[in-house]
Each structure stands twice: as C-alpha cells, then as structure tokens.
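Since the structure comes first, as structure tokens, the remarks are kept for the end.
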C-alpha cells in the first residue's frame, strides 16, 4: 500500500475512539455514514481545521507539524455549509485571484486558467454575476478554485449532497481529468460510490466498513441498519443475484438488460 495519509488511534471528544484509517496516494475516497456519524469532523481533522496532534500523518509526518507554506501547497479543502462565500462577484475574478497566489509565469497562469475553465465546463459563466449562477455552477466554481494550487490532497465535504447523480458524477469526472491528487469526499449518500476507488463508512465514530466500493456495497444489511440506502442499480443487482439471474453487480442498465436476455 502506497499510503499518503493515515489516521492512528484518533480520539476526539466523544466523537471518535481509537479510529484508524489509511488513504492511498492518488485515489478517490468516499467518506460516508449516518447523520452525525463524524464524517465532517474527520474531514476537518484531516484538513487541519481541527488540530489533533500525533494522530494524523502525511507521508509519516504529523500534519500539525507541517510548516504553514508546506501545508498550504499540499492540502486544499472545501467544507461546504450551504453558504457560498465568494470574495468577488464573478468566477473570472475568483479564479484570477487564486492564480495570483501561485508561483507561475504569466503564460503559465493563462494556460492554467483556460485548462481549469475547460475541464469544469464553465466557459459561458465566468463573467456572469455569481448570484445569478445555478447552484451546480456555483459548486463547480468552488471546486475549481480549490485545485488552482495543484494540491496533493483535496478534501471536500457536503459538495455532492444537494446535486443530482449526473451533476455529482460530472464533478468527480472533472477531478479525475485533472489527476495527480488524492481526493477525499464526505457525502451523505452512496449513490456515486461506484465512481470511487475506496469507500469508508463511519457510524458512531467508528469505521465499520472500508474498502473497494463493490465489496462495501455487498454489505447491504449493515448499510441499511445505519440508514444508508444502496444505489438503485446496486440494489437491483443484489436482488437479481440472489435469485441467480446475474453473477455480480451491474451498474449500467443496458448491460443489465443484456445479461437478463442471455
């Protein structure tokens, strides 16, 4: 395992007791769980907002001991609480402001600007008043600005919860196109879990399931007990597999139809 982040024996207030977690380099990780399970608190600890010494490590170094400049260039995060606290009135100004903080030449800055705007498909919205943008485009703007510095670790919380599955998938695909990052996303639902490399399920301050999304989703009884619903196609696959109609989880409806017709 080429781990980049690790949590060892995390104890924090009454929320966590001896929690352990390993995150592999350049993987996409979903942290999910029931309401008040501790996932947002965990994201805040990993992002340094909440300091817990001798517990969270980046490449074996305690993240609380990283120099501020090193931390700022290594980690980036968005802990979304429902409010869009943009500094400027347009995404163009927001992005340029973030680019000015990065040590780039003028030509490199222009190239990065064009690259990010294209990846997040915001070409037609950069000069609009942010207040007039759709909720989805505002979320895309937040995420776009969070990756300007080319972080090695990106932590996002609550950004997917009020998006449609298609919109959420678009965010994840955009981040994968950028590449070179370890991404950890906290979310309330399992709908997009098949798009991740790993799923970590928290309940009552403990990680009760962790691993490949398909292996985690097979633990449907455990997930249902803590109030997490399976994605429709996963739930359907498990029911059909139980009756011997298919061999494994199928996420694509056309493939499902093909499997049933054989």
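Residue separation times 0.36 nm, minus the C-alpha to C-alpha distance between residue 59 and residue 169: what's the value?
Full extension from residue 59 to residue 169 adds 36.7 nm.
Would you mind calculating the gained length between residue 49 and residue 27 on full extension (0.36 nm times residue separation, minus the Cα-Cα distance), in nm to one decimal?
Between residue 49 and residue 27, full extension yields 5.7 nm more.
Kirkwood-based Rg over Rh for region 1-150 (C-alpha set), two decimals?
Here the Rg-to-Rh quotient is 1.01.
Over region 100-194, what is the relative contact order in whole percent, taking alpha-carbon pairs under 8 Å and six or more residues apart?
Answer for region 100-194 is 30 percent.
Per the helix-only calculation at 222 nm, which mean residue ellipticity applies to the chain, given -39500 (n - 2.57) for every DSSP H run of n ≥ 4 and division by its residues, nearest 500 deg cm²/dmol?
Computed ellipticity for the chain at 222 nm equals -10500 deg cm²/dmol.
What distance in nm separates the simple spin-label points at residue 105 and residue 127, each placed 7 Å from Cα in the Cβ direction?
The answer from the label model is 2.8 nm.
Along the Cα→Cβ direction, 7 angstrom out, place labels at residue 219 and residue 118. What is the inter-label distance in nm?
That separation, rounded to one decimal, is 4.2 nm.
Using Cα centres only, tell me the gap between region 69-84 and region 125-195 in whole Å.
The distance from the Cα centre of region 69-84 to that of region 125-195 comes to 13 Å.
Ranked by Cβ crowding within 10 angstrom, fewest neighbours first, how are 80, 136 ordered?
136, 80
With 5 Å bins from zero, work out the P(r) of the chain over every alpha carbon pair and list the percent per bin.
With 5 Å bins starting at 0, P(r) equals 1, 6, 12, 15, 17, 15, 13, 9, 6, 3, 1, 0, 0.
So what are the three principal axis dimensions of region 115-262 from its Cα atoms, in whole Å, longest to shortest?
55, 41, 29 Å, listed from the longest principal axis down.
Going by a ≥ b ≥ c, the root eigenvalues of the Cα gyration tensor, does region 118-168 fall in the rounded group (a/c under 1.5), the prolate group (a/b larger than b/c) or the oblate group?
Oblate, since a/c reaches 1.5 and b/c is not below a/b.
Using the alpha-carbon atoms, what tilt in degrees (0 to 90, nearest 10) does helix 135-146 show relative to the longest principal axis of the chain?
Between the helix axis and the principal axis of the chain, the angle is about 60 degrees.
Counting only DSSP beta bridges with both residues in the chain, what percent are antiparallel, rounded to the nearest 5?
45
Every read-out reported here was derived from the displayed coordinates using simple, explicitly stated rules and does not represent laboratory data. Every value quoted in this text rests on a predicted model; they were computed, and no experiment measured them. Neighbour counts run over all protein chains shown; Cβ positions are idealised from the backbone, glycine included.
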